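Chemist: Sharing a structure below in structure tokens format, with a few things to ask.
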Amino acid sequence: MTTDELDRSLRQLRLGGMADTLSLRSQQARAENLGPLDFISLLVHDELQRRRDRLVERRVKAAGFRDHKTLDTFDWKFNAVDRALIFELATCRFIDQHEDVLLLGNAGVGKSHLAQAIGMTAIHAGFRAMYREAHILFEEMLLANATGERAEAITTFSEIPLLIVDDLGMRRLPGNAAEDLLEIVMRRYERASTILTSNRPLDDWPKLFGDTPAVAAFLDRLMHHSHLAEIRGKSYRLHEHSLAARNRKAKASA
């Protein structure tokens, strides 16, 4: 069998990872005088790596992240952040233990960046994740309620191993938001993990949700097995806007 024939056969068997590196690994085998078992082991490694990479790509796309943020790109010096806690969360042990995370702080301090970065590490660690801005989640629930698909929507939000609900409190909430969030949180309680970010302190949440009994219930669930990180400081976005304005002014006067 020629190399081209072997390439076609591998692709027919859906072993594209092997086919993509067949020529390179053949050269390596000749150069390093590798035996058949070592040669096949390299090709199998390539196939597994390709499948892992594609699985990560599919899960990242399915998660629906607003931005592709990582911890490597976070500016730890700009605001005071509990770095030890964030890196502990990045180990994803909290997902194994079905614990929750609350990231609180004023707008623009990096809550969304950290939440999405932890979500990315979770996907690379083998977990499925889903990201929703809070107003989008509640809009999806409103639509599901209107079309008779509430049960399916609740199941979707309840069964994902890591659910990230971002920017709770940034927009006015619909009347059924507390009940929807309560049902999702109760379904996930001690079965899956939730990361929730908000610019509102916990004391404001009863007012935010209309001071219904559901608020106390879902706060009780969230706080039972949760990690709390409060970030206070300046807004990254305002800082970047100021830098851009100064740069434009400097260029104009040059």
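Chemist: Could we say that F94 is at negative phi and surrounded by 14 or more Cβ atoms within 10 Å (Cβ to Cβ) here?
Modeler: Yes: the conditions hold for F94.
Chemist: Out of the helices (runs of 4 or more DSSP H) lying entirely within the stretch 1-77, which hold 1 or more residues that are under 27 Å from I160 (Cβ atoms)?
Modeler: Correct list: 36-63.
Chemist: Looking at Q49, is it under 32 Å from the mean Cα position of the chain (by Cα), more than 30 Å from I136 (Cβ to Cβ) and not assigned by TED's automatic domain parsing to the domain that holds H113?
Modeler: Considered against the rule, which asks whether it is under 32 Å from the mean Cα position of the chain (by Cα), more than 30 Å from I136 (Cβ to Cβ) and not assigned by TED's automatic domain parsing to the domain that holds H113, Q49 comes out as yes.
Chemist: Determine, yes or no, whether L24 is within 34 Å of the chain's Cα centre (by Cα), under 20 Å from D53 (Cα atoms) and free of Cβ contacts under 8 Å to residues at least 12 places away in the same chain.
Modeler: Taking the combined requirement at face value, the residue does not satisfy it.
Chemist: Consider A19 carefully, then state whether it is farther than 20 Å from T121 by Cβ, modelled with pLDDT of 90 or more and surrounded by 12 or more Cβ atoms within 10 Å (Cβ to Cβ).
Modeler: Answer is yes for this residue.
Chemist: Can you give me the number of residues within the stretch 22-69 that are hydroxyl-bearing (S, T, Y) and surrounded by 15 or more Cβ atoms within 10 Å (Cβ to Cβ)?
Modeler: So the count comes out to 1.
Chemist: Among the candidates S158, S112, which residue alone is among the small types (G, A, S) and under 15 Å from F65 (Cα atoms)?
Modeler: Only one candidate qualifies: S112.
Chemist: Please note which helices (runs of 4 or more DSSP H) are completely contained in the stretch 131-224 and include at least 1 residues that are more than 19 Å from S112 (Cβ to Cβ), charged (D, E, K, R) and in contact with a helix residue (DSSP H, G or I) (Cβ under 7 Å, 6 or more places away or on another chain).
Modeler: Here the list reads 150-159, 177-188, 213-224.
Chemist: Out of all the residues in the stretch 47-89, which are under 23 Å from T197 (Cβ atoms) and either among the small types (G, A, S) or touching a Gly at 6+ places or on another chain (Cβ under 6 Å) (or both)?
Modeler: Of everything in the stretch 47-89, those that are under 23 Å from T197 (Cβ atoms) and either among the small types (G, A, S) or touching a Gly at 6+ places or on another chain (Cβ under 6 Å) (or both) turn out to be A62, A63, G64, N79, A80, A84.
Chemist: Okay, next question. When you go through I164, I136, I154 one by one, which is the residue that is of a type in the set (V, I, T), closer than 27 Å to L55 by Cα, out of contact with any Pro (no Cβ under 6 Å at 6 or more places or on another chain) and crowded, with 20+ Cβ neighbours inside 10 Å?
Modeler: I164 is the lone residue from the list that is of a type in the set (V, I, T), closer than 27 Å to L55 by Cα, out of contact with any Pro (no Cβ under 6 Å at 6 or more places or on another chain) and crowded, with 20+ Cβ neighbours inside 10 Å.
Chemist: Among the residues of the stretch 121-129, is there at least one that is of a type in the set (A, V, I, L, M, F, W, C), crowded, with 22+ Cβ neighbours inside 10 Å and assigned to a strand (DSSP E or B)?
Modeler: Yes, there is a match, as at least one residue in the stretch 121-129 is of a type in the set (A, V, I, L, M, F, W, C), crowded, with 22+ Cβ neighbours inside 10 Å and assigned to a strand (DSSP E or B).
The values are calculated or read from the model by the stated rules, or taken from the named source; none is laboratory data. This one's a predicted model, so the numbers in the text were calculated from it and none came from an experiment. No Cβ is skipped: glycine too gets one built from the backbone with ideal geometry, and neighbour counts run over all protein chains shown.
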